[in-house]
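The values are calculated or read from the model by the stated rules, or taken from the named source; none is laboratory data. Note that the structure is predicted; figures quoted are calculated from it, not measured. Here the Cβ positions follow ideal geometry from the backbone for every residue, glycine too, while neighbour counts run over all protein chains shown. To get the accessible areas, we keep the full protein, side chains included, count just its heavy atoms, and leave off ligands, DNA and RNA. Shrake-Rupley method; radii C 1.70, N 1.55, O 1.52, S 1.80 Å.
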Amino acid sequence: MTRAIYPGSFDPVTKGHLDIIIRSSKIMSQLTVAVMENPRKVATYDVEKRIEMLKVVTKPYKNVEVDYYEGLLIDYAHQKNVDIIVKGLRAISDFEFEFQMALVNQKLNPAIETLFMMTNSKYSYLSSSIVKEIAALGGDISSLVPPEVHAMIVSNFKLD
Ligand code: ADP
């Protein structure tokens, strides 16, 4: 059994995130997409909405579940008895931070491995923040987020 956690803020889930979910779920027996609070970011969507969006887009993938955890990722992985953390890597900018996180997590629990999956070149520029910036200025985000998420954002999940 290869079970992994894919953590992030998913505020909201983008096509870049979904691409990592689909590709990593193919090589794992079970993948848990974990919505985590990031102390460095102020969330736009509350946890329930982020979970709802993730559940809708991951529905076709039977070995993918969505969960929420408040606390240290390494404690969550241990609690769930999972020893693989999947991270997506975009440009050089992601590398330094993710490298530091992977090493600190290795220090905290050497039994848990961080695996990096390279972004799909189609989505290398894509982040939740860029989606929100475009949406806030009235731009078209339909090519940046899954269609179900786009529908949710433009209807009931409109930014205040
Ligand atoms: P962001 O707000 O930057 O989109 P998240 O915390 O939601 O960040 O990201 C969760 C994980 O998904 C991180 O490992 C991040 O590097 C990865 N990720 C985010 N966007 C992409 C993308 N376009 N391609 C590949 N990986 C991505």
Given the options His150, His17, His78, state which has the largest fluctuation in a GNM of the chain using a 10 Å cut-off (strictly under) for Cα springs.
His78
For the stretch 63-122, which whole-number percentage of the solvent-accessible area (1.4 Å probe, protein heavy atoms only) is attributable to carbon and sulfur atoms?
56
Once you wrap a convex hull around the alpha carbon atoms of the chain, what is its projected area averaged over all directions, in nm²?
9.1
Roughly how many whole Å is it from the C-alpha centroid of the stretch 78-98 to that of the stretch 36-64?
17
Across 5 Å bins from 0, what is the distribution of all Cα-Cα pair distances for the stretch 105-153, in whole percents?
5, 16, 20, 16, 10, 10, 10, 9, 4, 0
Quick one: if you stick a label point 7 Å off each Cα along the C-beta vector at Tyr68 and Ala43, how many nm between them?
0.6
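Quick one: compute the contact order of the stretch 17-160, relative version, from alpha carbon pairs under 8 angstrom and 6+ residues apart, as a percent.
Here the relative contact order equals 24 percent.
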Need one number: % antiparallel among DSSP beta bridges in the chain, to the nearest 5.
0
Please tell me which of these pairs span more than 30 angstrom C-alpha to C-alpha: Lys87/Lys132; Lys55/Lys107; Lys15/Lys107; Lys49/Lys107; Lys41/Lys80?
Lys55/Lys107; Lys15/Lys107; Lys49/Lys107
Hey, can you find the accessible area per residue of the stretch 5-160 for me, probe 1.4 Å, expressed in square angstrom?
56
Thr2 versus Lys122: modelled label distance in nm, points set 7 Å from Cα along the beta carbon direction
2.3
Taking Cα atoms only, helix 47-58 is inclined relative to the longest principal axis of the chain by an angle, in degrees rounded to 10, of 90
Ellipsoid semi-axes in whole angstrom, largest first, where each is sqrt(5λ) of the Cα gyration tensor of the stretch 16-92
19, 16, 14
